[in-house]
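Okay, so here's the structure we're looking at.
The values are calculated or read from the model by the stated rules, or taken from the named source; none is laboratory data. None of the values given here were measured: they were computed from a predicted structure. All Cβ positions, glycine included, derive from the backbone under ideal geometry; neighbour counts span all protein chains shown. Protein only, heavy atoms only, side chains kept; ligands, DNA and RNA dropped before computing areas. Shrake-Rupley method; radii C 1.70, N 1.55, O 1.52, S 1.80 Å.
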Amino acid sequence: SSRLHRQRHPVGNGAAAAAADDADPDPVAEVATHTPASPLRDPSDDPSAASLSISKGDGLPVAHDGDLVSAQMAAASPCVTPRRPEPSLSPGVRTASGGDGGGGGASDNRPPPSPKPWHHAATAMHDNEASEMSAVCSMLQEAVAMRQRYQKPIATAAARRPPDGPPSPEPHYDPFDFPPGGPPPRSPHVFELRRGVMAVWEAENDVTSLLQDYEAAFRCSHDFKAFTLDMGRLHDICSSGPVYTFCVRRLALLESRYKLHTMEKEVAELAQMRANPHRDYYNCRKVDTHIHLAAAMNQKHLLRFIKKKMKSEPDTPVIAKGGRTLTLREVCDELRLSPYDINLDSLGMHADASTFRRFDKFNLKYNPLGDASLREIFLKTDNFLEGRYLAELTKELFADLEESKYVNTEYRLSIYGRRRTEWAQLARWVVGNRLYSRNNRWLVQVPRLFHLYAAKGDVPNFEVFLDNLFGPLFEATRDPAAHPELHLFLQQLAGFDCVDDESKPDAPMPTSEADWVRAQYPKEPREWTSATNPHYAYYVFYMYANLAVLNNFRAARGFSTFDFRPHAGEAGELSHLHSAFLCAHAINHGLMLRRSPPLQYLFYLMQIGIAMSPLSNNMLFCELARSPFPTYFVRGLAVCLSTDDPLMFHYTKEPLMEEFCIAKHTWNLSPVDLAEIFRASVLHSSFERSVKAYWLGEGYWRPGAAGNDITRTNVPDIRLAFRDQAHREELQVVFEAAAATTLESSYSAASFHPKPANWGHVRKATANGQLFSVEMLANAHEEGKRAAGSSAAGAGARARRQTVPSRMVPAHTLPEALLEAAAAVQRRT
């Protein structure tokens, strides 16, 4: 080994060594030098093949990306016979003759000291960390690409799409009448529910049994089995130890960066806000993106309405019970009530300590005075009165919204899936009572109560339940003239929600091929005939799949489309959030994200909207002091505030302003923070894009300061530029795309990370002028996977080329001749 060492590292004579000592030091070498590689290791065998030992005459080696060069170099002189150093003197003790002492002038011609054992350990540790980082980034890329595959068949959420018309506070449709040309004509399409998902064919033949799935004009490309396997893979990614560590550190870094930003830029941000005329806390557009109509009023409002009806309409028939019709007076007499006796305490609809972690008791709070008959009379749309009282209450709520002007809502109405006629009844209630406000759009919520309907015999299997939910919508889309009220209602309908108590244990669900072989799990909805409630993900997938087909069908006909924004992460299993990550445009609550940093980081990367209701959570699942909302906001997740159920949690006439006021004082939010949350609530709502353009500015869909109009949003450009820069750098860390970020010309910690397989495709896409976005990165990831080599040797060579040294120097700081020499060395090796 000593002979091999001397052959690979020859030393020069004393004169050459003295001349080298007297020469000026090399500045590049001083900046770039780091611990030399082991002299017994061939650079071609080193896993980090970018670290090369070359002579000064050849220059520095260039790293694999062409932008950064290796910082390692070792000096060498003309070869002479090597001589062993004198053991009596320590290295570095110089004599008067210019060399090391003990052996005269030739004594400093000894070989460099052999590396210590810890050098090998440090090199191995660096190689392991680089390999682990590459694996972590690849897994995160896989998760992002997985969501992109599920979002492609369904229309993209309106948060990042340009306006669909000129900015206007009014929609482009008449909410209660067809255009002058009459209703749209019937389309030549037929559809059928197959394996729980609608398929639409463009054919005049109504015999759908003769049509094949592959012939369908609109169909879902995913099936439930593939969905469960993807969920299992996503669970494995989020459960990985290295991924967990990486995401915890990145989230902590985001939090620290925000704190540093506010310390440095808070005064400048407030100065921009103060220079903006007219806009303030009250005059910024804001949307309550999560509120249920049956509990949208406060207790005082409902109490006043009930007393008014007891005085003005005591003899009005209101309910059929026990084979006879009862008037409002008779109902009150049975309950021994009078208008004078009722107060807020006796109404008993406000949540209290008894409802914490007791969703069953919370549901009972919907009953005024604890009586279900009063709930049916005043808070239902399909009752004996055909929902007249609730319609009058809704008009009063609309009047309050129009008075406040800057507060908007997305009230939720319920469709249960017990009968196909539910959609016609709901549309008749909305259109017949002329319920419309420019400040509101409707969402439909689907309670996960199939097990109750099956136990009562209302639906024989889950496929009938799905047909009741989506069959009428496809019929109204095909022939609006045959369903005029439903067609007009669907114009105002903005999205779908999926609701129920998430804390209930779910039925088991397979997440691997072995599970599907071992478990007797119903493979199709028509096979689910038991009274057991399906898993949360079962509901989510089949709602997503049918909405994907319906949206594509409606978009082809020029009709409006719908977002999917389910309740997820309020309680229960993390699998709820896994399925929502794949299928949902946005979610409500998201409390359980705090238990999964990898999933939280993925929600941040994809900027999935999260509507949080801290006051609601405080009475149900999470105390206000432990709410993760401020942490999510600081880290940059797309969060906004909502009220959920003002009837149970709020006291004032403007519950959304009450929610913001309490949040401001509880977590010390600044005016800039509030304005940013206001803007996020509009951005992730389901209002028409032309309305959003009127509220936020025509470029609202662009990220960062480029999409901000401070005269409308009151958000300083400084804040949005910071958020955009932080988000782009996190994408750069995961995808290693050096283009289209503000950190291109600066030395970044992201340069330390190994380049994944899709790196070249990202560079090519950005060079062609594509916008640096999650969609572009996900597509590049798929192209990189397809372009990856099939042989193990080729994969190993690529892994060695992608390992980056621990110290790097920006390429533009080195002389051009040195770069050319280094490139020549790299080509030879």
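Somewhere in region 220-230, is a residue among the hydroxyl-bearing types (S, T, Y), closer than 30 Å to Y521 by Cα, in contact with a helix residue (DSSP H, G or I) (Cβ under 9 Å, 6 or more places away or on another chain) and not in a helix (DSSP H, G or I)?
yes
Within the set of pairs 6 or more residues apart or between chains, which connect a residue that is touching a residue at least 60 places away in the same chain (Cβ under 8 Å) inside region 358-385 to a residue that is among the basic types (K, R) and open to solvent by less than 20 Å² (accessible area, probe 1.4 Å) with Cβ atoms less than 9 Å apart?
What qualifies is F378/K309.
In region 311-337, how many are assigned to a helix (DSSP H, G or I) and open to solvent by less than 20 Å² (accessible area, probe 1.4 Å)?
3
Checking the structure you have, find out if any residue of region 561-580 is within 30 Å of Y244 (Cβ to Cβ) and among the acidic types (D, E).
yes
Give me the residue from region 286-310 that is aliphatic (A, V, I, L, M) and not in a helix (DSSP H, G or I) and, out of that set, farthest from the chain's Cα centre (by Cα).
Looking at residues that are aliphatic (A, V, I, L, M) and not in a helix (DSSP H, G or I), I get M297.
What single numbered condition from (1) closer than 27 Å to V691 by Cα; (2) in contact with a Leu (Cβ under 7 Å, 6 or more places away or on another chain); (3) surrounded by fewer than 22 Cβ atoms within 10 Å (Cβ to Cβ) fails to hold for L473?
(3)
Looking at (1) touching a strand residue (DSSP E or B) at 6+ places or on another chain (Cβ under 9 Å); (2) within 21 Å of T316 (Cβ to Cβ), which is the one condition that is false for F398?
Condition (2) is where F398 drops out.
Being over 29 Å from S685 (Cα atoms), open to solvent by 60 Å² or more (accessible area, probe 1.4 Å) and modelled with pLDDT under 90: is that true of S751 here?
Judged against the criteria, S751 is not a match.
Somewhere in region 579-594, is a residue open to solvent by 10 Å² or more (accessible area, probe 1.4 Å) and either free of Cβ contacts under 8 Å to residues at least 40 places away in the same chain or of a type in the set (D, E, K, R) (or both)?
Yes, region 579-594 contains at least one residue that is open to solvent by 10 Å² or more (accessible area, probe 1.4 Å) and either free of Cβ contacts under 8 Å to residues at least 40 places away in the same chain or of a type in the set (D, E, K, R) (or both).
Residues in region 422-444: is at least one part of a strand (DSSP E or B), touching a residue at least 60 places away in the same chain (Cβ under 8 Å), buried (at least 22 other Cβ atoms within 10 Å of the Cβ) and at negative phi?
Yes, that holds for at least one residue.
With N533, N461 as the choices, which residue is open to solvent by less than 30 Å² (accessible area, probe 1.4 Å) and among the polar types (S, T, N, Q)?
N461
Hey, E623 hits all of (1) of a type in the set (D, E); (2) within 21 Å of R285 (Cβ to Cβ); (3) surrounded by fewer than 19 Cβ atoms within 10 Å (Cβ to Cβ) but one; which does it fall short on?
For E623, the failing item is (2).
With (1) in contact (Cβ under 8 Å) with a residue 40 or more places away in the chain; (2) open to solvent by 40 Å² or more (accessible area, probe 1.4 Å); (3) not aliphatic (A, V, I, L, M) as the list, and F227 as the residue in question, which single condition is left unmet?
Status for F227: all satisfied but (2).
What number of residues within region 572-620 are in a helix (DSSP H, G or I) and farther than 17 Å from R635 by Cβ?
The qualifying residues number 13.
Could you tell me which residue of region 636-645 is nearest to the chain's Cα centre (by Cα), considering only residues that are over 15 Å from R595 (Cβ atoms) and of a type outside the set (S, T, N, Q)?
Filtering region 636-645 for residues that are over 15 Å from R595 (Cβ atoms) and of a type outside the set (S, T, N, Q), the one nearest to the chain's Cα centre (by Cα) comes out as A638.
Only residues that are touching a Lys or Arg at 6+ places or on another chain (Cβ under 8 Å), outside any loop (DSSP other than H, G, I, E, B) and more than 17 Å from D645 (Cβ to Cβ): list them for region 364-405, please.
S373, Y389, E402
Hey, among K308, K300, K259, K265, which residue is open to solvent by 50 Å² or more (accessible area, probe 1.4 Å) and touching a helix residue (DSSP H, G or I) at 6+ places or on another chain (Cβ under 6 Å)?
None of the other options fit; the residue is K265.
Might you check whether a residue that is of a type in the set (D, E, K, R), surrounded by 16 or more Cβ atoms within 10 Å (Cβ to Cβ), at pLDDT 90 or above and in a helix (DSSP H, G or I) occurs anywhere in region 234-249?
no
Quick one: how many residues across region 540-564 are open to solvent by 10 Å² or more (accessible area, probe 1.4 Å) and under 15 Å from L443 (Cβ atoms)?
3
The rows are residues; the columns are (1) polar (S, T, N, Q); (2) under 29 Å from R689 (Cα atoms); (3) assigned to a loop (DSSP other than H, G, I, E, B).
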site	(1), (2), (3)
A514	no, no, no
A537	no, no, no
F541	no, yes, no
A555	no, yes, no
G558	no, yes, yes
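Which one of the conditions (1) surrounded by fewer than 20 Cβ atoms within 10 Å (Cβ to Cβ); (2) over 25 Å from S560 (Cβ atoms) does P484 fail to meet, given that it meets all the rest?
P484 satisfies every listed condition except (2).
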